[in-house]
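Read-outs: derived from the displayed coordinates by stated rules, not from any lab. Keep in mind that this is a model prediction, so the values were computed, not measured. Here the Cβ positions follow ideal geometry from the backbone for every residue, glycine too, while neighbour counts run over all protein chains shown.
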Amino acid sequence: MDRQRFIDDSARRPRGRLAQEGYGGASGAPPGHEEIFDLLLARVGSVTGERVLDMGCGGGRLMERLLQLGAAEVTGVDHSPDVLEFARRRNADACRLGTARLRLADVRELPCADGEFTLVVTTSAFFFFENPHTVLTEIHRVLAPGGRLVIATVPGPEPPDNVWGSAMHVYTDEELEELQRGAAFENVRVGVAEGIQLAFAGKPR
């Protein structure tokens, strides 16, 4: 298997055996992701009653945790049919109840209504998003006034020295802050905690 196909099949657009190994098991996510979810959720605060969009939802483990913490509904978006099926199985009861929804989509053109969500989260995915300004503008569109965006990603200025790093788009704190402000977000804060870059922003009321 060549390098680019391995990156796609294991992480950028998981499918087949590598998708099963990374997202289809009991954990619902690759090693290390649960700790990132812990970090993000601790910084997000209460999600009770929130309408959440999880962009790049993978196997649905973060969706599951958000619902357990009291989110009113969670929509997961991914462009891999394989991982969406894993997410559907993990959140089967919530899908039947309608509190969890899954959509196959490109994050640059979200199949969501204007102002549909009060919170958008994305973990270990933003570094794979092409055209970040377009993505952030779409997030701004689907957020309700006063809604929040939280990104957990790999910090720049250089990508990790591993097989996936060659496909990653990483940003310094200043660059990511500028990207968010350029998409009309306010109250932007970006910093690194426990090796993870966390970015917070809000949509004006």
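Summary of values
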| quantity | calculated |
| --- | --- |
| The chain: relative contact order in percent, alpha carbon pairs under 8 Å with at least 6 residues between | 17 percent |
| Cα centroid of the range 115-140 to Cα centroid of the range 71-93, whole Å | 17 Å |
| Volume per residue that the Cα convex hull of the range 164-205 spans, once the total is divided by residue count, Å³ | 80 Å³ |
| About the Cα centre, charge dipole magnitude for the chain (Lys/Arg +1, Asp/Glu -1 at Cβ), debye | 660 debye |
| DSSP-assigned coil residues among GluC sites (Glu not before Pro) in the range 101-175, each with at most 11 further Cβ atoms within 10 Å | 109, 130 |
| Dmax and Rg, reported as Rg then Dmax, of the range 131-191 (C-alpha, Å) | 12.6, 39 |
| Cα radius of gyration and Dmax for the chain (Å) | 15.7, 49 |
